[in-house]
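Colleague: Dropping the structure in here first, questions after.
The values are calculated or read from the model by the stated rules, or taken from the named source; none is laboratory data. The model shown is predicted, which means the values in this text are computed figures rather than measured ones. Quick reminder, even Gly has a Cβ in these numbers, built from the backbone with ideal geometry, and neighbours come from all protein chains shown.
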Amino acid sequence: MQTAILAAADLDQLIQLLIVEGFQVIGPVRDQHAILYDQISSAADLPQGWIDQQEKGSYRLEQSPNQAYFGHTVAANSWKKFLNPPRRRLWRASRENGQLVFQAESNEAPPLAFIGVRSCELHAIRIQDAVYIQGSHPDELYRSNRQRLFNVSVNCTRATATCFCASMNTGPEVSLPSDINLTEVIDAEQHYFLVKAGSPAGERIVAQLPTRAADQTAQQAGREAIGAALQQMQTGPRYFDSSDVKELLYRNLESPSWDDVAERCLSCANCTLACPTCFCSAVEDSTDLTGDHAERWQRWDSCFTNDFSYIHGGTIRESTRSRYRQWMTHKLATWIDQFGHSGCVGCGRCISWCPVGIDITEELLHIRAAEAK
Amino acid sequence: MSAAKATVAVWKFSSCDGCQLSLLDCEDELLAVAEQVEIAYFMEASSRQLPGPYDLSIVEGSITTPEQLELIQSVRQQSRFLVAIGACATAGGIQALRNLVDVKDYIATVYAHPEYISTLATSTPISEHVTVDFELRGCPINKQQLLEVISAFLRQRRPQISDHAVCIECKLSGVACLTTSRGLPCMGPVTHAGCGALCPRYDRPCFGCYGPKENPNPDAMSQWWQASLGVDSVKIIENMRNFNAAAPAFHNAAERMNTGGKDD
């Protein structure tokens, strides 16, 4: 389908169409002090005119000089919470007349439509697909949420300081498929979206929108806007060549840098829970007071906890050094062997949401520098 | 019938009674608890006292008097399982602030007749005196966690009580971090989970009332607070010296901050 122009004032029509189609629409909203992905019911729920400034251990919202809907970058949370909820019951069992009766959970939730998915985030979802769907034990809830998902992606036209998708080759321009792709163009005279359908479902929705064909000038404006985000990253401190990172880490499993980062790391797990690709979960069984009812719950877990590597009588990774090394080497190196691609999409969340500002890109530099010594 | 039920005793040492009250607060579940166990000794709830031994003793409070030194030994001897509940029983409580000063000065200031007061120089957790089978943290404890511990005891399984950071509860609840999004000093990254991120969910940084999490790193957090959040050392020490002032990780971090980063 050709690229079309949708006036910014008509963005709400896209959301309303999705709602009419039966989707629960999720998009960025402004919480008190951060942008979060949450349910929306109209374009008025979007954080229009707000942008984020992210740095090591710091996230601040501020008003933008313009009224862009998607001038902010990635939200505090990621889309993974909607595809694989942080806590969920897997099954219940009860004892009835001496017999155990099991009841599995079914997915009653409506299909989801995400609006505002960035290129790095599409990569993150693809990475989680590999974990949850393509493995030998597919996760039924994830698969059901994912198969029914309608994805409206947005090209980034601005990067914040922690963004490094340009280093991980995952953005800022959307290259993976989505149902509809948007590029927001805004200047003193005009405010519109370049709209491109990427699937039959997307084409059906776009056909119902009040669009007009995008001329060369409009398309060029979109390319320039994305180019600006790319340039911000390329001239920033987190632009690096990631092609040899796997080998670098494999060569440096005993680098003194691990001791250094362990001094600073709180093993609080914020990085892993903010990360859009970290997928680990814990399974917890409990009984009630009567002992006649039992439940099994799954919740997000983290390799930064003691319990995570607890196996029959002991914890394998007691020290922060071993936990941080496990996380970083998995994310950037062993993940590649396991799944065929890096586990990092360069969204920068682990940098911004670390309460002591540990920066994975800086740690890579430290390891590289220590090796060169 | 009742002979087949496990007997439970609830003991109070130096404490405010808030944790015992958590058991009485289990209004919806109280009948179920009473059906499953024989409450043999629980002075806060009933003056009926059945003699020991007890299958499960739930112990609240810290050890602060000479009498308590003896009583806790007797409680241990009469109890098959002993669970310490709350910051007092697991870390000495807020009254462990006395451990940092000469308690005689406090007694002279507070009481008209200090000669009537018989107290120890320190407030110490139960585990410093007897073997404790499980410690349930919090100031006060979370009643759902108490029910989980009792249920686990009844079914002879491990309680599902996580010792990771409060941060995990914030992230699972969808709370945007107060430290990173607003620069507020929050004890969450070094504090044991269990409250369900109660304070951060109500827009208040964590007080650390569940005490240190496993593998805590309060020094690194304090350094970040000073260097990046502009928090002064007095404020950091106040955060460490709270309900769990005598918990070793918090105590040592406060001491190091007090002595300018040098170990004693």
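Matching residues to (1) farther than 30 Å from B:Lys5 by Cα; (2) among the aromatic types (Phe, Trp, Tyr):
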site	(1), (2)
A:Arg264	yes, no
A:Leu273	yes, no
A:Glu284	no, no
A:Gln298	yes, no
A:Ser302	yes, no
A:Tyr310	yes, yes
A:Ser319	yes, no
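Colleague: Shifting gears a bit: I'm checking my understanding of the structure. Among residues of the range A:198-233 that are under 22 Å from the mean Cα position of the chain (by Cα) and over 15 Å from A:Thr157 (Cβ atoms), which one is surrounded by the fewest Cβ atoms within 10 Å (Cβ to Cβ)?
Modeller: Taking the candidates together, the pick is A:Ser199.
Colleague: Assuming B:Thr7 fulfils every condition listed in (1) assigned to a strand (DSSP E or B); (2) touching a helix residue (DSSP H, G or I) at 6+ places or on another chain (Cβ under 8 Å) apart from one, which condition is it?
Modeller: All conditions pass for B:Thr7, except number (2).
Colleague: Please state which of the following conditions B:Arg155 fails to meet, knowing it meets all the rest: (1) surrounded by fewer than 18 Cβ atoms within 10 Å (Cβ to Cβ); (2) in contact with a Leu (Cβ under 7 Å, 6 or more places away or on another chain); (3) among the basic types (Lys, Arg).
Modeller: Of the numbered conditions (1) surrounded by fewer than 18 Cβ atoms within 10 Å (Cβ to Cβ); (2) in contact with a Leu (Cβ under 7 Å, 6 or more places away or on another chain); (3) among the basic types (Lys, Arg), the odd one out for B:Arg155 is (2).
Colleague: Ok, one more. I want to confirm something. Restricting to the range B:107-141 and keeping residues that are under 30 Å from B:Ser162 (Cα atoms) and charged (D, E, K, R), which single residue is surrounded by the most Cβ atoms within 10 Å (Cβ to Cβ)?
Modeller: B:Arg137
Colleague: Right, another one. Go through (1) within 13 Å of chain A (Cβ to nearest Cβ); (2) over 30 Å from A:Glu62 (Cβ atoms); (3) buried (at least 20 other Cβ atoms within 10 Å of the Cβ) for B:Phe243 and report which single condition fails.
Modeller: Checking B:Phe243 against (1) within 13 Å of chain A (Cβ to nearest Cβ); (2) over 30 Å from A:Glu62 (Cβ atoms); (3) buried (at least 20 other Cβ atoms within 10 Å of the Cβ), the one that fails is (1).
Colleague: From the list A:Thr211, A:Thr162, A:Thr183, A:Thr235, which one is among the polar types (S, T, N, Q) and within 27 Å of A:Tyr324 (Cα to Cα)?
Modeller: Among A:Thr211, A:Thr162, A:Thr183, A:Thr235, only A:Thr162 is among the polar types (S, T, N, Q) and within 27 Å of A:Tyr324 (Cα to Cα).
Colleague: Across the range A:330-358, what is the number of residues that are within 14 Å of chain B (Cβ to nearest Cβ) and of a type in the set (A, V, I, L, M, F, W, C)?
Modeller: 6
Colleague: Restrict the check to the range A:258-272 and report whether at least one residue is more than 14 Å from chain B (Cβ to nearest Cβ), out of contact with any Gly (no Cβ under 7 Å at 6 or more places or on another chain) and assigned to a loop (DSSP other than H, G, I, E, B).
Modeller: no
Colleague: Which of the residues spanning the range A:73-104 are in a loop (DSSP other than H, G, I, E, B) and either touching a residue at least 60 places away in the same chain (Cβ under 8 Å) or among the basic types (Lys, Arg) (or both)?
Modeller: A:Thr73, A:Val74, A:Ala76, A:Asn77, A:Ser78, A:Trp79, A:Asn84, A:Pro86
Colleague: Here's a check for you: in the range B:136-149, which residue that is within 21 Å of B:Pro125 (Cβ to Cβ), of a type in the set (A, V, I, L, M, F, W, C) and out of contact with any Pro (no Cβ under 6 Å at 6 or more places or on another chain) is farthest from the other protein chains (Cβ to nearest Cβ)?
Modeller: For the range B:136-149, the residue satisfying everything is B:Cys139.
Colleague: Would you point out the residue of the range A:29-56, among those that are touching a Pro at 6+ places or on another chain (Cβ under 7 Å) and buried (at least 23 other Cβ atoms within 10 Å of the Cβ), that is farthest from the other protein chains (Cβ to nearest Cβ)?
Modeller: A:Leu46
Colleague: Restricting attention to the range B:168-189, report how many residues are farther than 16 Å from A:Cys271 by Cβ, in a helix (DSSP H, G or I) and at the interface with chain A (Cβ under 7 Å from one of its Cβ atoms).
Modeller: Result for the range B:168-189: 1.
Colleague: Within the range A:39-54, which residues are more than 14 Å from A:Ala75 (Cα to Cα) and assigned to a loop (DSSP other than H, G, I, E, B)?
Modeller: A:Ile40, A:Ser41, A:Ser42, A:Gly49
Colleague: Show the residue pairs meeting these rules: Cβ distance below 9 Å; 6+ apart or different chains; first residue within the range A:292-309 and more than 9 Å from chain B (Cβ to nearest Cβ) and at negative phi; second residue among the small types (Gly, Ala, Ser) and assigned to a loop (DSSP other than H, G, I, E, B).
Modeller: So the pair list comes out as A:Cys303/A:Ala269.
Colleague: Sticking with this one: If we keep just the residues of the range A:59-72 that are more than 14 Å from chain B (Cβ to nearest Cβ), part of a loop (DSSP other than H, G, I, E, B) and at pLDDT 95 or above, which is nearest to A:Val154 (Cα to Cα)?
Modeller: A:Phe70
Colleague: Return the only residue of A:Gln54, A:Gln67, A:Gln99 being within 27 Å of A:Asp12 (Cα to Cα) and more than 15 Å from the chain's Cα centre (by Cα).
Modeller: Of the residues listed, the single one that is within 27 Å of A:Asp12 (Cα to Cα) and more than 15 Å from the chain's Cα centre (by Cα) is A:Gln67.
Yes/no per residue for (1) surrounded by 14 or more Cβ atoms within 10 Å (Cβ to Cβ); (2) more than 14 Å from every other protein chain (Cβ to nearest Cβ); (3) under 19 Å from B:Ala247 (Cβ atoms); (4) under 15 Å from the mean Cα position of the chain (by Cα):
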position: B:Phe13; (1), (2), (3), (4): yes, yes, yes, yes
position: B:Leu21; (1), (2), (3), (4): yes, yes, no, yes
position: B:Ile39; (1), (2), (3), (4): yes, no, no, no
position: B:Pro66; (1), (2), (3), (4): no, yes, no, no
position: B:Gly92; (1), (2), (3), (4): yes, yes, yes, yes
position: B:Val101; (1), (2), (3), (4): no, yes, yes, no
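Colleague: Select from the range B:153-206 the residues that are among the charged types (D, E, K, R) and within 19 Å of the chain's Cα centre (by Cα) and list them in ascending order.
Modeller: Those that are among the charged types (D, E, K, R) and within 19 Å of the chain's Cα centre (by Cα): B:Asp163, B:Glu169.
Colleague: Here's a follow-up. Please verify whether the range B:157-165 includes one or more residues that are within 8 Å of chain A (Cβ to nearest Cβ) and in a helix (DSSP H, G or I).
Modeller: The answer is no, given that none of the residues of the range B:157-165 is within 8 Å of chain A (Cβ to nearest Cβ) and in a helix (DSSP H, G or I).
Colleague: Turning to a different aspect of this structure: Can you confirm whether the range B:44-58 contains a residue that is at pLDDT below 95, away from chain A (no Cβ under 14 Å), surrounded by fewer than 19 Cβ atoms within 10 Å (Cβ to Cβ) and within 22 Å of the chain's Cα centre (by Cα)?
Modeller: Among the residues of the range B:44-58, at least one is at pLDDT below 95, away from chain A (no Cβ under 14 Å), surrounded by fewer than 19 Cβ atoms within 10 Å (Cβ to Cβ) and within 22 Å of the chain's Cα centre (by Cα), which makes the answer yes.
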